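The values are calculated or read from the model by the stated rules, or taken from the named source; none is laboratory data. Everything numeric here is computed off the predicted structure, so don't read it as measured data. Note that we place each Cβ from the backbone using ideal geometry, even for glycine, and neighbour counts take in every protein chain shown.
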Amino acid sequence: MIERFSATAAFPIDAVRAQFPALRYDRVYFDAPGGTQVCAPAIAGMVAHLERGTANTGGAFVTARETDALAARAHEAMADLLGGQPDEIAFGANMTSLTLSVSRALAQDWQAGDELVVTRLDHDANVAPWLLVARDRGMTVRWLDFDPATGRWEADDLAALVGPRTRVVALGGASNALGTLNDVAGAVAVVRVHAPDALVYVDAVQSAPHVAIDVAALGCDLLAFSPYKLFGPHLGVLWIRGALAETIDAYKVRPAGTHGAHRFETGTPSFEAQAGAIGMVDYLEWLGRELSPGVNDRRAAMVAAMDGCVAYEHELGERLLAGLRGVGATLYGPPAMAGRVPTFAFTLAGHHPDAVAEHLATRGIHAWSGHFYAVEVIRRLGLEEAGGLVRVGLCHYATAGEVDRLIAALGELVPSPLGRGREPSKTAEG
């Protein structure tokens with residue numbers, strides 16, 4: 001039996017950090033929800049491909065044949081990561097571009113009066129493409145709302161929103177603004193009962209860096225994510241259930257292939273980015289074997305890696321949440337680490353979110369402020385005129401010391417009992 005990683009075991013943080021060249025600088029990278037740092041194997045893979053000689057696919061010469069093999073390995077790697085098959089994988093520029101392409105292709109047969117469901121908790125990349133489709137086709141948009149007090153929507157609420165004319169339900173795996181980890185499998189189950197012909201499209205951009213994804217277990221029809229938020233290069237990945245892919249007429253040039261999900265790979269892709277995606281998977285496999293030496297295949301190793309990251313990030317996240325409470329920050333979203341990823345959105349009384357982010361930047365701490373393209377979230381919370389939120393996001397290469405550094409920097413903005421600001425930290429970005 002494979003011994004699974006537990007929260008009480010020592011996470012190999014020093015070995016992990018050694019895999020990220022950008023961590024050599026005196027910076028606290030809490031901007032991870034907008035893009036993580038890139039692991040060394042991903043960087044090495046991109047460089048190696050370009051240095052060895054690149055080419056387009058389909059040629060008789062050596063570099064073209066090597067690129068063919070590279071592309072095949074990249075599709076296999078993404079399939080292993082998601083629990084799918086290589087011909088169910090398509091690469092694109094990013095998740096947003098892929099979603100726009102998919103929405104346009106799916107909507108060719110949709111008609112006025114048909115319906116679709118989007119949520120108020122999602123990044124606009126999984127909202128706007130469907131709103132545009134609804135506008136163009138005269139469809140009805142139904143909104144799955146969330147509770148502002150908890151940052152959650154309820155899967156059971158979908159039952160009243162879907163029916164025989166529902167064509168697609170677009171859901172997020174996790175909120176890029178509030179960190180909520182959504183019950184996608186539960187939502188899919190509701191859709192299957194009340195709208196069995198509807199498709200479920202999942203934005204896994206924020207869940208993929210923090211939890212293992214199994215498309216079969218989720219039960220969805222399509223899923224997309226971005227490797228650059230999972231320690232890899234700027235790239236988008238789309239998974240389409242095999243049988244479904246063969247029914248979709250993708251917008252593409254005539255000579256382009258029509259096999260499986262590959263029909264959405266329009267034009268010449270970034271083969272160096274695909275090489276980087278392979279390196280990203282190599283890194284996750286390495287981490288999984290470090291945490292669970294008994295794993296015997298790549299998929300199992302990556303699941304072990306994500307399980308270990310969940311446990312480590314849970315502990316760091318609880319430390320951060322306690323610190324936010326200590327400085328009097330107002331947290332939005334789930335109050336504890338249960339049911340969330342380590343993305344935290346908050347406000348600090350008396351300080352505009354932009355001013356807080358700018359203050360943190362002077363202390364070498366990278367954080368975001370504003371709406372993060374989650375425009376419906378900010379609107380629902382009533383924070384548009386207030387400038388939105390401050391957002392910090394951890395991932396498994398963060399440390400407890402960095403969390404403490406963040407809280408100390410926020411504490412400088414909080415009045416002391418005597419009414420004076422705390423002494424500023426002398427630590428700045430190197």
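Miscellaneous remarks
- Residues in the stretch 154-171 include at least one that is surrounded by fewer than 23 Cβ atoms within 10 Å (Cβ to Cβ), under 22 Å from GLN111 (Cα atoms) and in contact with a Gly (Cβ under 8 Å, 6 or more places away or on another chain).
- Among residues of the stretch 313-340 that are under 20 Å from LEU383 (Cα atoms), those with a Cβ under 9 angstrom from a residue that is modelled with pLDDT under 95, sequence gap 6+ or separate chain, pair up as GLY328/VAL414; ALA329/VAL414.
Listed here are the residues, each with its yes/no results for (1) more than 30 Å from ALA93 (Cβ to Cβ); (2) under 15 Å from the mean Cα position of the chain (by Cα); (3) in the same structural domain as LEU383 (by TED's automatic domain parsing).
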| site | (1), (2), (3) |
| --- | --- |
| ARG152 | yes, no, no |
| VAL169 | no, no, no |
| LEU178 | no, yes, no |
| TYR201 | no, yes, no |
| CYS220 | no, no, no |
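- Meets criteria (basic (Lys, Arg), in contact with a Leu (Cβ under 6 Å, 6 or more places away or on another chain) and within 23 Å of VAL377 (Cβ to Cβ)) for ARG142: yes
- Yes/no for ASP87 being of a type in the set (Asp, Glu), surrounded by fewer than 17 Cβ atoms within 10 Å (Cβ to Cβ), in contact with a helix residue (DSSP H, G or I) (Cβ under 6 Å, 6 or more places away or on another chain) and closer than 20 Å to LYS252 by Cβ: yes
- Within the stretch 377-398, the set of residues being touching a His at 6+ places or on another chain (Cβ under 7 Å) and hydrophobic (A, V, I, L, M, F, W, C) comprises just one member, ILE378.
- Contact map, the stretch 57-85: first residue at negative phi, second residue at pLDDT 95 or above and among the acidic types (Asp, Glu), Cβ cut-off under 8 Å, separation 6 or more or different chains; pairs are THR57/ASP68; HIS75/ASP87; ALA79/GLU88; LEU82/ASP214.
- Among residues of the stretch 255-283 that are free of Cβ contacts under 8 Å to residues at least 40 places away in the same chain, none has a beta-carbon under 9 Å from a residue that is charged (D, E, K, R) and buried (at least 24 other Cβ atoms within 10 Å of the Cβ) at least six positions away or on a different chain.
- Taken together, the residues in the stretch 6-49 that are closer than 17 Å to MET306 by Cβ and of a type in the set (S, T, N, Q) amount to 3.
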